[in-house]
Amino acid sequence: MHAKEPMYTAIVAAYNVEKYIGSCLDSILKIQDDNLEIIIVTGRKTDQTNHICEEYSLRKNIKLVRQNGVGLSNARNCGINEATGQYIFFVDGDDSVDSQKLKKFLSNASKLIQGQKVDAILNDFYFTTETGSVLIENNQIPAGDFSNFRYAEKIIKSKGTFWNSWRFLFSKTFIKERRLYFKENSTCEDLEFAVRLFTMTNHLWFCHIPYYQYCPVRNDSLMNSKNYEMIRDFFGVQNDLRFLLKHTKFKLTSVIISKLNELVILCLPDIYEVDKNDRKRCAVEYQKFARKVSVSSGGIQKFIFMIMKTDGVYMLSCLLYYIKKVRRKKRYKV
């Protein structure tokens with residue numbers, strides 16, 4: 001007899017996270033649910049991460065997978081191909097989950113899946129410290145609400161992001177049938193993946209049972225290490241998504257494009273966060289992009305895009321960089 005396939009697979013990408021991977025995996029294991037499979041995906045050896053993961057792989061319901069390439073996207077894609085669960089969710093190896101909240105979320109998801117077609121569920125999350133203390137609970141989605149696709153516009157327009165892949169629970173069948181894999185050799189994979197998802201399904205549901213603990217205040221986080229290649233990748237994905245939306249009959253195209261414009265503005269401080277020798281090149285990337293993109297919405301977006309077309313983009317980036325530092329210190333108390 002074949003063992004019963006689990007309902008859920010947690011895919012944990014583990015690269016150079018020796019300080020965090022143990023607490024990450026422990027937080028998932030606390031659920032103690034035979035209906036949950038954990039796949040750890042490791043890459044090249046640079047620290048003790050792989051050794052720690054090998055020890056965890058001896059435990060029940062944990063499978064260790066080696067990447068067949070490099071990068072976070074490749075790690076997730078390898079995990080998808082090895083998953084046996086009907087539904088998949090992602091956890092980065094330097095983050096963790098609230099075990100009780102995750103258990104509650106999966107229980108509610110199981111009830112929804114039994115009565116509806118579900119391609120994906122988008123959830124809220126927590127901003128936390130490295131030790132798991134909650135800094136902010138994200139409240140982008142109305143509390144306690146499972147809703148259908150008509151709420152998508154409201155969610156996309158709301159303050160904050162909607163594209164972090166660890167916010168979603170995905171149907172494995174849907175991902176494989178639609179070939180919705182992560183864009184490899186890119187550092188902007190979540191945004192590209194999520195927007196394609198939105199254009200592919202009318203069976204996206206929403207939930208406010210936050211369990212994911214994302215730490216935005218860790219200095220060694222990839223998100224706090226900006227470089228020219230990341231900015232180049234960002235605009236590559238921006239161009240690809242705008243082309244996709246232009247050629248797709250998607251009712252929320254204008255809403256998502258406005259959100260993409262907003263993201264460009266929010267990323268302006270990145271120019272000043274890269275190595276000073278690359279700042280000029282980064283500023284040129286913003287200028288080139290702003291000059292070929294038309295902004296239909298009025299107000300602040302159109303004004304900032306006008307500045308971005310000129311050499312004033314560098315000074316604007318500098319100003320927004322310091323505003324971001326002050327806001328970050330006030331928001332996260334760091």
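Can you confirm whether S296 is in contact (Cβ under 8 Å) with a residue 24 or more places away in the chain, open to solvent by 60 Å² or more (accessible area, probe 1.4 Å) and among the small types (G, A, S)?
Numbers: in contact (Cβ under 8 Å) with a residue 24 or more places away in the chain: yes; open to solvent by 60 Å² or more (accessible area, probe 1.4 Å): yes; among the small types (G, A, S): yes.
Yes.
Would a scan of the range 88-102 turn up a residue that is under 14 Å from the mean Cα position of the chain (by Cα) and open to solvent by 30 Å² or more (accessible area, probe 1.4 Å)?
Among the residues of the range 88-102, at least one is under 14 Å from the mean Cα position of the chain (by Cα) and open to solvent by 30 Å² or more (accessible area, probe 1.4 Å), which makes the answer yes.
Could you tell me whether any residue of the range 240-255 is in contact (Cβ under 8 Å) with a residue 60 or more places away in the chain and either within 24 Å of R196 (Cα to Cα) or buried (at least 18 other Cβ atoms within 10 Å of the Cβ) (or both)? Walk me through it before giving the result.
Applying the first criterion (in contact (Cβ under 8 Å) with a residue 60 or more places away in the chain) to the range 240-255 yields 252, 255.
The next check asks that each one be either within 24 Å of R196 (Cα to Cα) or buried (at least 18 other Cβ atoms within 10 Å of the Cβ) (or both); those that pass are 252, 255.
Within the range 240-255 (the criterion being in contact (Cβ under 8 Å) with a residue 60 or more places away in the chain and either within 24 Å of R196 (Cα to Cα) or buried (at least 18 other Cβ atoms within 10 Å of the Cβ) (or both)), the answer is yes, since at least one residue qualifies.
Within the range 176-205, can you find the residues that are within 25 Å of R242 (Cβ to Cβ) and part of a strand (DSSP E or B)?
Correct list: L204 only.
Report, by residue number, each residue of the range 38-89 that is within 14 Å of C24 (Cα to Cα) and among the aliphatic types (A, V, I, L, M).
I38, I39, I40, V41, I52, I62 - these are the residues of the range 38-89 that are within 14 Å of C24 (Cα to Cα) and among the aliphatic types (A, V, I, L, M).
Please indicate, with yes or no, whether at least one residue in the range 125-137 is in contact with a Ser or Thr (Cβ under 7 Å, 6 or more places away or on another chain), of a type in the set (V, I, T), open to solvent by less than 70 Å² (accessible area, probe 1.4 Å) and in contact (Cβ under 8 Å) with a residue 40 or more places away in the chain.
At the first step, the residues of the range 125-137 found to be in contact with a Ser or Thr (Cβ under 7 Å, 6 or more places away or on another chain) are 132, 134-135.
From what is left, the residues that are of a type in the set (V, I, T) are 134.
Remaining after also requiring open to solvent by less than 70 Å² (accessible area, probe 1.4 Å): none.
No, the range 125-137 contains no residue that is in contact with a Ser or Thr (Cβ under 7 Å, 6 or more places away or on another chain), of a type in the set (V, I, T), open to solvent by less than 70 Å² (accessible area, probe 1.4 Å) and in contact (Cβ under 8 Å) with a residue 40 or more places away in the chain.
Restricted to the range 206-219, and to residues that are part of a loop (DSSP other than H, G, I, E, B) and not basic (K, R), which residue is most open to solvent (accessible area, probe 1.4 Å)?
As a first pass, look at the range 206-219 and keep what is part of a loop (DSSP other than H, G, I, E, B): 215-219.
Pick out the ones that are also not basic (K, R) and you get 215-217, 219.
Values: C215: 4, P216: 10, V217: 32, N219: 141 Å².
Selected residue: N219.
Assess whether Y272 counts as being farther than 24 Å from R242 by Cβ and touching a Cys at 6+ places or on another chain (Cβ under 6 Å). Write out each step before concluding.
Values: farther than 24 Å from R242 by Cβ: yes; touching a Cys at 6+ places or on another chain (Cβ under 6 Å): yes.
Judged against the criteria, Y272 is a match.
For the range 155-212, which positions are hydroxyl-bearing (S, T, Y) and more than 21 Å from A109 (Cα to Cα)?
Step one: filter the range 155-212 for residues hydroxyl-bearing (S, T, Y), giving 158, 161, 165, 171, 173, 181, 186-187, 199, 201, 211-212.
Of everything in the range 155-212, those that are hydroxyl-bearing (S, T, Y) and more than 21 Å from A109 (Cα to Cα) turn out to be S158, T161, Y181, S186, T187, T199.
I'd like to verify a number: residues in the range 276-314 that are in contact with a Phe, Trp or Tyr (Cβ under 6 Å, 6 or more places away or on another chain) and farther than 19 Å from L266 by Cβ, how many?
2
Can you tell me which residue among E5, E37 is of a type in the set (D, E), under 24 Å from I113 (Cβ atoms) and buried (at least 19 other Cβ atoms within 10 Å of the Cβ)? Give the steps one after another, and end with the answer.
Working: E5 fails: buried (at least 19 other Cβ atoms within 10 Å of the Cβ).
Sole residue among the options that is of a type in the set (D, E), under 24 Å from I113 (Cβ atoms) and buried (at least 19 other Cβ atoms within 10 Å of the Cβ): E37.
Among the candidates K276, K246, K329, K259, which residue alone is at pLDDT below 90 and out of contact with any Lys or Arg (no Cβ under 7 Å at 6 or more places or on another chain)?
Numbers: K276 fails: at pLDDT below 90; K246 fails: at pLDDT below 90; K259 fails: at pLDDT below 90.
One residue alone meets the criteria, K329.
Hey, does the range 142-161 have a residue that's polar (S, T, N, Q), outside any loop (DSSP other than H, G, I, E, B) and open to solvent by 60 Å² or more (accessible area, probe 1.4 Å)? Steps first, answer last, please.
Narrowing the range 142-161 to residues polar (S, T, N, Q): 147-148, 158, 161.
Still in the list and also outside any loop (DSSP other than H, G, I, E, B): 147.
Right, trim to open to solvent by 60 Å² or more (accessible area, probe 1.4 Å) and you get none.
No: the range 142-161 contains no residue that is polar (S, T, N, Q), outside any loop (DSSP other than H, G, I, E, B) and open to solvent by 60 Å² or more (accessible area, probe 1.4 Å).
For the range 287-305: of the residues being of a type outside the set (S, T, N, Q) and farther than 19 Å from F243 by Cβ, which is modelled with the lowest pLDDT?
Our first condition is that a residue be of a type outside the set (S, T, N, Q); within the range 287-305, this holds for 288-293, 295, 298-300, 302-305.
When the remaining residues are screened for being farther than 19 Å from F243 by Cβ, the result is 298-300, 302-304.
Numbers: G298: 67, G299: 84, I300: 87, K302: 90, F303: 92, I304: 93.
By that ranking, first place goes to G298.
Could you pull out the residue among F146, F162, F168, F125 that is out of contact with any Asp or Glu (no Cβ under 6 Å at 6 or more places or on another chain) and farther than 25 Å from S258 by Cα? Give the steps one after another, and end with the answer.
Numbers: F162 fails: farther than 25 Å from S258 by Cα; F168 fails: farther than 25 Å from S258 by Cα; F125 fails: farther than 25 Å from S258 by Cα.
Among F146, F162, F168, F125, only F146 is out of contact with any Asp or Glu (no Cβ under 6 Å at 6 or more places or on another chain) and farther than 25 Å from S258 by Cα.
What number of residues within the range 104-124 are of a type outside the set (K, R), loosely packed, with under 13 Cβ neighbours inside 10 Å and at pLDDT 90 or above?
Of all residues in the range 104-124, those of a type outside the set (K, R) come to 105-110, 112-116, 118-124.
After this cut, where a residue has to be loosely packed, with under 13 Cβ neighbours inside 10 Å as well, the list is 107, 114-116.
Those still in the list that are at pLDDT 90 or above too: 107, 114.
Residues in the range 104-124 being of a type outside the set (K, R), loosely packed, with under 13 Cβ neighbours inside 10 Å and at pLDDT 90 or above: 2 in total.
Looking only at the range 142-151, decide whether some residue is within 24 Å of I21 (Cα to Cα) and among the small types (G, A, S).
Within the range 142-151, the first condition is being within 24 Å of I21 (Cα to Cα), and the residues that meet it are none.
Looking for residues that are within 24 Å of I21 (Cα to Cα) and among the small types (G, A, S), one finds none in the range 142-151, hence no.
The values are calculated or read from the model by the stated rules, or taken from the named source; none is laboratory data. Quick caveat, the model's predicted, so the values are computed rather than measured. Here Cβ is always computed from backbone atoms with ideal geometry, including for glycine, and neighbour counts include all displayed protein chains. Protein only, heavy atoms only, side chains kept; ligands, DNA and RNA dropped before computing areas. Shrake-Rupley method; radii C 1.70, N 1.55, O 1.52, S 1.80 Å.
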